[in-house]
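Working notes for the structure below.
The values are calculated or read from the model by the stated rules, or taken from the named source; none is laboratory data. From a predicted model like this one, the values you see are computed outputs, not experimental measurements. No Cβ is skipped: glycine too gets one built from the backbone with ideal geometry, and neighbour counts run over all protein chains shown. With ligands, DNA and RNA removed, areas are computed over all heavy atoms of the protein, side chains included. Shrake-Rupley method; radii C 1.70, N 1.55, O 1.52, S 1.80 Å.
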Amino acid sequence: MSSLPRRIIKETQRLMQEPVPGINAIPDENNARYFHVIVTGPNDSPFEGGVFKLELFLPEDYPMSAPKVRFITKIYHPNIDRLGRICLDVLKDKWSPALQIRTILLSIQALLSAPNPDDPLANDVAELWKVNEAEAIRNAREWTQKYAVED
Amino acid sequence: MESDIEMELESDNDGEYDDDYDYYNTGEDCDVERLDPKRADPEYFEYDCLTVEDIEKLLNELVEKLNTILQITPSLAKVLLLEHQWNNTVVVEKYRQDANALLVTARIKPPTSSADAASTSAAAAAQLLKMGSSGYKAPPAVGGNANTPPYRSQMCPVCASSQLGDKFYSLACGHSFCKDCWTMYFETQIFQGISIQIGCMAPMCNVRVPEDLVLTLVTRPVMRDKYQQFAFKDYVKSHPELRFCPGPNCQIIVQSSEISAKRAICKVCRTGFCFKCGMDYHAPTDCQVIKKWLTKCADDSETANYISAHTKDCPKCHICIEKNGGCNHMQCFNCKHDFCWMCLGDWKTHGSEYYECSRYKDNPNIANESVHVQAREALKKYLHYYERWENHSKSLKLEQQTIERLRQRINTKVMNGSGTWIDWQYLFNAAGLLAKCRYTLQYTYPYAYYMEAGSRKNLFEYQQAQLEAEIENLSWKIERAETTDLGDLENQMDIAEKRRTTLLKDFFPVAV
Ligand SMILES: [Zn+2]
Ligand SMILES: [Zn+2]
Ligand SMILES: [Zn+2]
Ligand SMILES: [Zn+2]
Ligand SMILES: [Zn+2]
Ligand SMILES: [Zn+2]
């Protein structure tokens, strides 16, 4: 395996030394490009109290292309599908090589605070979010309790 | 050749039938019409087939012209022209009105905040243009006013490495990155097919990377070639008067100042296409309608599949009949009954009076019917038009086969000393005309499908029916060519083409 680019080493160091509140990202012991991520549900959101596991992988040409991120914990959210894939512009066409793991994870946390049903990935969830927001939020709370809270 | 002048006139707008066109300008065509082909022929279209080199020359001339007027680099001029349909006058006008706004909309400069008074002035923009730079700061040009002097080291936000300032490049937005990161970024973008749309590396920054910075930093010949190819494609696509020939592997670019849904035929690969939308030529239907129709046909292909039968039963003796010619006037080989393949009606009723076969009769009471009945009626209507559309498309192919068989028969005749090829040429002329007429007829069906009921639709369907009747007569006569009287055939050709041009003159909306 090729040596780890300086950029990844620096980012990893900073993530460990100055962690972002509510976000925890630790590189895998065997693969420094693979991160175990934990995002806690933001306060005043239907995901409050939940602890969400994600995986993040830095592809070979990172930072020229975006990191690959996916939710492992099940989540009821209009921009996250059943496989945990995330619909987020900065992971796609709005990716810039000057963005970092930290900024991406902050964007994901923000997405939990402010779901965007107009740019959906999980269509049935987005549909309900638009026609009956109260019920959708209830579902999101239920799923959070069921899948993201450890007893 | 009888008339070289005529051949020349025709060869530009209708290359497909170049060599069999002497029947076209016969009859009542007068000299006035011949002088103004636009009025005589609703499909008349002037265009040129140009090579990549021709186009490069043409575009470079426009770029140079703008350089001279505005004193800017070719790289910048290209961006401005690309963003303004290659209209020099518009660019110059906008530049004189508000140079700063022009540079911002062309994404050469970042949007300026109102507080930033100096850069909102046109003078500042002019200065940027006249710096001789292309809107990017290369290290030697940094000079005294740069944030970081070239000798001090600086951290690149992408590779996180510290390097001397002279390794850094930035665009008009000021976002600065090291040479290696820019280069790798450009190559990644080029690999994805992006060229002149490459933007700054900074998040949320929309400023465009000028061509000369890319070509300064990217040195691998493969990548440079790719970049230039993609850029050329973008330039051509942004020029309203240019179209790539859609023919497979064809390099020709068609140019016309008349941007309408006329047919262009590539002089190299002979592919014909609608100049406006690039799809198969579709007169009298317009570009949006044909797109809607083709999408509908693709969506409903399963529903429509069952009707694409090659065999039907004779309506009189019920024997199974296979259709192997293009003509829809069928004669049962068993009982000799003449009938219509489309509607299975008696052919006699199709004749002169009123050809009802092409017309779909709407249920006048449809609004009061149940949703279920309405849905069934809608499907019935669609299938009526689809069946005819599909059938004429098949007839075109079958008639092509008829011509091939005819060609072989005539070849044998000529070999046996029965006449020369010239003697039989009229038959191929007739076949060419038949194909042309049937092609138009095929495209009248989507047109009629989307037409609103009313007197205009009545007129359209009347003309369509007339055209259809004459086409089937012509097809019938060509299939029996060797026994058909020459004068009779020529007369039939004349009538069919007249019906076709009449319909196009009335209904083909090509006004720009
Ligand atoms: Zn760098
Ligand atoms: Zn920028
Ligand atoms: Zn071509
Ligand atoms: Zn078109
Ligand atoms: Zn029969
Ligand atoms: Zn019929």
Counting only residues 5 or more apart in sequence or on a different chain, those whose built amide H sits under 5 Å from that of A:T73 are A:K53
In whole angstrom, largest first, the equivalent ellipsoid semi-axes that the Cα gyration tensor gives for segment B:290-507 are 34, 20, 16
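Using only atoms on other chains, find how many Cβ atoms lie within 10 Å of each Cβ of peptide A:86-99 and report the average.
Across the residues of A:86-99, the mean count of other-chain Cβ atoms within 10 Å is 3.
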Which whole-number percentage describes the relative contact order of segment A:4-146, with Cα contacts under 8 Å and a sequence gap of 6 or more? 21 percent
I'd like the accessible area for A:T73: 1.4 Å probe, protein heavy atoms, all chains in place, Å² to the nearest 10. 20 Å²
Number of partner chain Cβ atoms within 10 Å, mean per residue of B:156-163: 5
Could you tell me the center-to-center distance, by alpha carbons, between segment B:60-108 and segment A:1-47 in angstrom? 46 Å
For B:H175, B:H329, give me the order by solvent-accessible area with a 1.4 Å probe, most accessible first, ignoring ligands, DNA and RNA. B:H175, B:H329
If you count, for every residue in B:190-203, the Cβ atoms of partner chains within 10 Å of its Cβ, what is the mean? 2
B:K267 and B:V90 label points (each 7 Å along its Cα→Cβ direction) are spaced in nm at 2.8 nm
Would you kindly state how much longer the chain becomes between B:D423 and B:Q197 on full extension, computed as 0.36 nm times their sequence separation minus their alpha carbon distance, in nm to one decimal? 75.4 nm
Given a 1.4 Å probe and heavy atoms of the protein chains only, how would you sort B:F232, B:F460, largest accessible area at the top? B:F232, B:F460
Using +1 at the C-beta of Lys and Arg and -1 at the C-beta of Asp and Glu, which of A:L121, A:I80, A:G22 has the Cα lying farthest in the positive direction of the dipole of segment A:4-146? A:G22
When 1/r is averaged over all different Cα pairs and the result inverted, which Kirkwood radius in Å belongs to chain A? 16.0 Å
Asked for the total accessible area buried by B and A (1.4 Å probe, Å², nearest 100), one would answer 1000 Å²
Once all protein chains are kept in place, A:R6 shows an accessible area at probe 1.4 Å, nearest 10 Å², of 120 Å²
Could you please put B:L62, B:L103 in sequence from largest to smallest accessible area, using a 1.4 Å probe? B:L62, B:L103
Starting from one equal scatterer on each C-alpha and no solvent at all, send me the Debye-based log10 I(q)/I(0) for segment B:182-226 at q = 0.16, 0.18, 0.33 Å⁻¹, two decimals. -0.36, -0.45, -1.44
Assigned charges on the beta-carbon of Lys, Arg, Asp, Glu; segment A:4-146 dipole about Cα centre (debye): 420 debye
Pick out, from B:V373, B:L396, B:N363, the residue whose Cα sits farthest towards the positive end of the charge dipole of segment B:290-507, with +1 on the Cβ of Lys and Arg and -1 on the Cβ of Asp and Glu. B:L396
Assigned charges on the beta-carbon of Lys, Arg, Asp, Glu; the protein assembly as shown dipole about Cα centre (debye): 2800 debye
FRET efficiency, 1/(1 + (r/R0)^6) with R0 25 Å, evaluated for B:Q71 and B:I259 via beta carbons: 0.20
Expected field for A:S3, accessible surface area in Å² at 1.4 Å probe radius, rounded to 10, holds 100 Å²
Based on alpha-carbon atoms only, what is the radius of gyration of segment B:332-410 relative to the globular estimate 2.2 N^0.38 Å? 1.53
Between A:K94 and A:F57, how high is the FRET efficiency from 1/(1 + (r/R0)^6) when r is the Cβ-Cβ distance and R₀ = 22 Å? Nearest 0.05. 0.70
How much FRET efficiency would the formula 1/(1 + (r/R0)^6) give for B:H318 and B:K498, where r is the Cβ-Cβ distance and R0 is 25 Å, rounded to 0.05? 0.05
Work out how much length B:A298 to B:V371 would gain on full extension: take 0.36 nm times their residue separation and subtract the Cα-Cα distance, in nm to one decimal. 23.9 nm
With an 8 Å Cα cut-off and a minimum separation of 6 or more residues, compute the relative contact order for segment B:290-507 in percent. 21 percent
If the chain between B:T412 and B:L459 were fully extended at 0.36 nm per residue, the gain over the current Cα-Cα distance would be 12.3 nm
